[in-house]
1. For the range A:40-50, which positions are modelled with pLDDT under 90 and buried (at least 17 other Cβ atoms within 10 Å of the Cβ)?
2. Within the range B:226-253, which residues are over 15 Å from B:Gly68 (Cβ atoms) and aliphatic (A, V, I, L, M)?
3. Find the residue count for the range A:231-275, including only residues that are closer than 19 Å to A:Leu154 by Cα and not aliphatic (A, V, I, L, M).
4. Only residues in the range B:35-52 that are in contact (Cβ under 8 Å) with a residue 12 or more places away in the chain and surrounded by 18 or more Cβ atoms within 10 Å (Cβ to Cβ) count as the first member; pair them with residues that are of a type in the set (Lys, Arg) and not in a loop (DSSP other than H, G, I, E, B), Cβ under 6 angstrom, at least 6 apart or cross-chain, and list the lot.
5. Taking the range A:180-225, which residues are small (Gly, Ala, Ser), assigned to a helix (DSSP H, G or I) and loosely packed, with under 13 Cβ neighbours inside 10 Å?
6. Among the residues of the range B:169-197, write down those that are within 14 Å of chain A (Cβ to nearest Cβ), of a type outside the set (D, E, K, R) and assigned to a helix (DSSP H, G or I).
7. Consider B:Ala451 against the criteria (1) modelled with pLDDT under 90; (2) farther than 19 Å from B:Val555 by Cβ; (3) within 22 Å of the chain's Cα centre (by Cα); (4) of a type in the set (A, V, I, L, M, F, W, C): it satisfies all of them except one. Which criterion is unmet?
8. Among B:Leu481, B:Leu462, which is the only one that is surrounded by 19 or more Cβ atoms within 10 Å (Cβ to Cβ) and in contact with an Asp or Glu (Cβ under 7 Å, 6 or more places away or on another chain)?
Amino acid sequence: MDLSILFPKEKGIILVCGKGGVGKTTFSSLFSVYSRKNLKTLAVSIDPAHHLGDVLGYSLSHQIKEISNNLYAAEPDMERLIKEYIQGSIEILKYTYKELVAMNLDKYLDALKESPGIEEDTLLDYIWKLKKMDFEITVVDTPPTSITTRVLKLPWLQSMWVERLIDLRGKIMGYKETIESIKAGKKLKLDDPILNELIKMSQEIEDGKKFLNNKEKVKIVGVTVAEKLPYLELKRFRNSIMERNISLAAIVINRYVDDAKNREFLNEINSEFIGIPKIIIPFSSEDLIGIYKLENFIEKIRVIE
Amino acid sequence: MISVWIFLVIGAVWYLTFYFTYGKFLQNKVVGAEEKRLTPAHKNFDGIDYVPANKYILYGHHVGAIAGTGPIIGPTLAMAWGWLPALLWILIANAILGAVHDYLALMASVRYEGKTIATVTGNVISNRAKYIFLWFILFSLILIIAAFIIFDVSIFMLRPQVATAILIFMPIAIFVGVLIYKFNFALKYALIVGLLLILVAIWVGYNVPLVITDYNTWVTILLIYGWLAGWLPLWYLLQPRDFLNVYIMWGGIILGAIALIISFASFQIPALTSYTQPLVGYKPSPIWPVIVLVIACGALSGFHSLVASGTSARQLNSELDALTVGYAGMFTEGMVALVVAFSVASTLPQSFQMLASKTTFPAGIPHTPYTFVIANALGAFTQGYGIVVHNAFGIDIIYGAIFAGLWFATFDFAVLDTANRLARYAWMEILDPIKEKFPNAHKILYNRYVASIIPLAIGGSLAYTSTITYVWPAFSGANQLLAALALITTSSWIYYVLKKPLKISLLAFIPAFFLWLTVTTALFWYLFVVSYPMFTTGLAKHILTTTYSGLLLTVIVIFLIILDILLIIEFANIAIRRRHENKAKA
Amino acid sequence: MKTKQRLKYYFKSFKFFSSEYMKMNAVQSMENEYSQLLNVFLLLLFGNFIGLPSPPSSITLRILPLEINEMKYFHSKSARAGDALGDLFDAFNVEI
């Protein structure tokens, strides 16, 4: 077994998750360098504490750029992402709310940026954007697990809300239709743009859920080290996303040293996460910086059942 | 024998005269209504709540919202005094108090952007006054639940045919609802279908009466209905039922009026029996002040101020329309009250003879038509209506009686299921002030089930233990207190906010305080002559029901009186403070 | 001639008003329920601005531009928030 078990059949996304500091960025970089030999690869970091550029040895920006043959990378800026995300709505608002908020629109924009949950919405939206790009594999260095968990479960939260809203709106439109029909003296069929939009949204959310549940398209990799806290967090993460039928594709054990403690740790992982491939990255005394060093290190990685 | 139709004409002429003289004066000099001042329907137009409506449609809506069952009980009971006191009160009190009250409440609300009268009270007098307002509403609702349960039970026990008819009426309403809302039947055809089915219901009721002889069983059934109906979705039953109810009411009124006229009905009771005829609680009841505890709707009703400050205020197209909607609307109800009163007045001895044997008179009360009309008010009305219709059209008395019973009962039901919801709301509003000081108590009391059960429990307990002659006057008193508060509010509005000269404002103040004085006196009278003695009698004779209801009514009336006095103190404070402010400015 | 025209006019107006009146009776409570439900819907969407938990921004932002007209209604209804007695008495036809 080798790292190619994470390759998708056609196009796919790898989400590299785990507690801060366990080596997500390291693994993301290693894997991207590995995959670029076979697939057109994009490596992005949506962790606000970007290290991706540092590890890859390139200065990355908000825009995607080609840093090596078949390898592209970016470090999107959260503030800009949020702005882009709500920009579309703001444009429409500017156009339709002309008379109401010509002066107050900027204040409104600022308030929206701070609204709770906007980060998760933006990140999920970004993942959908990545899905549409034409890279064969996209490796995503994710934010700390709390945020990532919320992002992954967001479609279910969204669909709960949308269903509720569709239900209520349907009732409202039912009343309106009945009332207008009586007033008009004949049966009317009313078209409600809001209900239509909600139904469209519901469909998109369902597609999103299917995408996240599709083990071919989305592979979640959990990274940990042989320590209690990161391991517990990984377990919690796994249990949490399992509620939504999202499962781990692989577990990465970083900075592995062949001693008693690590071996015991490996046993425990094997018994807790049965059937999930383990990727063991040995400890390296020197800093893994730059594509050359990363490439040379790859052969030391072991992959076991 | 004096013919009744003369007085119907006199009533109509009286009201028309008042409309064109006093009404116009109110409109132009007191309120200063102007076409060019935009009403909230235009200023705050939002396409849903604030929409200008044609004044005749709004008038029809307003009348439909204030008339229904109200003008039936009061005028009937008042016949114990003879036909003249009620007639005078319905004509005079309506013109000087009732219609004025409705009109001013409507205009005040219009000038306050369609806010309810309670908010206007909070603005013009004080916030405490606003809470007093809510308390009056809550008590009125609790008492109306009790009163209307008792009414329904009495009509169902007296005329089991009506019980069947109502039972069948429910599915008919649902059926008509399905026709209109699901199948888009043209309204007029659905209405005809509904009315025909109602006739069938009456016929079936006549043949298959639903006889339940136990009073308490009926009360329980109705309480359960009141509780359940509070959670029913609207369009299945309530909306189509309300739709049909409107036409039952108009049909009943027009039929009754025509029958009275063409049968040349004449008064069969004296103009005045006695100034202190036994009426409320069978105690000698002086016409003044007790008449306010007997006749509410038809002369003056506090609930109208809330109706006026609802849709009517928000959909008023022009300030000048208010006279038609509010003022003439109340006059229309006055005419309805007259039709009811005259139906009873022209048939009482006859109905007494027919129904005395079926009436339960309390122990020690002589059996006369004037005690009959109290012990069996609904019998007197329905039978009277049946007789009048029979005299005019030759239809069997029982059919007219069942129809009148159905008319009454269906509106009664409508009030039952909604009074509970409203009481729930008023209760929750009232609890606001204690939220900060007693958060735990607030949490328990605010719970929607608690809020729903308490009014039903209190009202229901009264229904089990008391009768119309005790409960209705208590309700009427609370209702008139509402009206007094609304009138004090609107006259304060005229003087302090509109800044009209004192001479003109007095035209509003004087009736307001006259009413306040009358109601307060009546409540004290009720307390010392009716409810407290009832309590002590019950104690002495060890009758639980009498003791309980006497006690409960006493407590409620004491509460109302306290609030009443607080109200006048509140007003006096504000008046003094405003006086000082004005002096300081000058 | 004139009287006949007059009568025809009155008759027509009466027909018109009674059919409008009938329509109003058939939908009044329902309209009230409709407006209350609409208010709930708008509260769910935009209650965020007054501190209510609300749907994820992805939903509200997309719907917001479509809601311009109903927002006006929301403003007007919110202004009357503590004052629903009139509405309730209307909805429930308490005819006393």
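1. We begin by selecting, within the range A:40-50, every residue modelled with pLDDT under 90; these are A:47-50.
Passing the criteria: A:Asp47, A:His50.
2. Residues of the range B:226-253 over 15 Å from B:Gly68 (Cβ atoms): B:226-237, B:239-240.
Listed by number, the residues that qualify are B:Leu228, B:Ala229, B:Leu232, B:Leu234, B:Leu237.
3. 9
4. Close Cβ pairs satisfying both conditions: B:Pro40/B:Arg314; B:Asp49/B:Arg314; B:Tyr50/B:Arg314.
5. First, the residues of the range A:180-225 that are small (Gly, Ala, Ser): A:181, A:184-185, A:202, A:208, A:222.
Next, from what is left, pick out any that are assigned to a helix (DSSP H, G or I): A:181, A:184, A:202, A:208.
Hit for the range A:180-225 is A:Ala184, nothing else.
6. Here is the first cut: in the range B:169-197, the ones within 14 Å of chain A (Cβ to nearest Cβ) are B:176-191.
Next, only the ones that are of a type outside the set (D, E, K, R) stay: B:176-181, B:183-187, B:189-191.
Correct list: B:Val176, B:Gly177, B:Val178, B:Leu179, B:Ile180, B:Tyr181, B:Leu187, B:Tyr189, B:Ala190, B:Leu191.
7. (3)
8. Details: B:Leu462 fails: in contact with an Asp or Glu (Cβ under 7 Å, 6 or more places away or on another chain).
Matching residue, one of B:Leu481, B:Leu462: B:Leu481.
The values are calculated or read from the model by the stated rules, or taken from the named source; none is laboratory data. This structure is a prediction, so every number in the text was calculated from the model and none was measured. Using ideal geometry, Cβ is built from the backbone for each residue, glycine included, and neighbour counts are taken over all protein chains shown.
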